[in-house]
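To keep things clear, I will list the structure first and then write my remarks on it.
The values are calculated or read from the model by the stated rules, or taken from the named source; none is laboratory data. As the structure is a computational prediction, the values presented were derived from the model and not from experiment. Cβ coordinates were reconstructed from backbone atoms using ideal geometry, including for glycine residues, and neighbour counts include every protein chain displayed.
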Amino acid sequence: MAALEALPYPGLESVAHPFGLTTDTFRKRFRALSGTSVTAFRQRHLMTKAKALLAQGRLRHREIAEALGFYDPAHFSRFLKNLSEPAQKSGQGAR
């Protein structure tokens with residue numbers, strides 16, 4: 001099985017600088033245009049990619065964690081758990 005390449009997530013400076021923006025200005029404009037923070041956008045992207053890779057069933061959690069740029073599988077597991085908890089909590093209140 002071919003290994004996945006880790007997703008490159010450049011720092012905000014390397015994204016903002018070519019446009020002549022400071023990281024603070026970039027964050028503010030990103031939120032104004034997208035309605036979400038850069039961090040929330042990145043987390044949503046990571047979650048979407050992780051769910052797709054998990055659904056394929058071809059890779060182990062450790063391989064997915066590495067491909068998505070997590071420093072260890074435990075951190076990836078916490079990421080999945082933390083992002084799924086708000087949905088669980090909101091579902092508990094709907095009883």
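Scanning the stretch 10-28 for residues that are loosely packed, with under 13 Cβ neighbours inside 10 Å, closer than 19 Å to Tyr71 by Cα and out of contact with any helix residue (DSSP H, G or I) (no Cβ under 6 Å at 6 or more places or on another chain) turns up at least one hit.
Residues in the stretch 49-74 that are under 12 Å from the mean Cα position of the chain (by Cα), farther than 23 Å from Ser14 by Cβ and not small (Gly, Ala, Ser): Lys51 only.
Step by step: first the residues of the stretch 1-56, then only those that are modelled with pLDDT of 90 or more and part of a loop (DSSP other than H, G, I, E, B), then the one that is farthest from Ser77 (Cα to Cα). Which residue is that? The extreme case among them is Gly20.
Evaluating Tyr71 against the criteria (1) at pLDDT below 85; (2) surrounded by 10 or more Cβ atoms within 10 Å (Cβ to Cβ); (3) out of contact with any helix residue (DSSP H, G or I) (no Cβ under 7 Å at 6 or more places or on another chain) leaves one unmet condition, (2).
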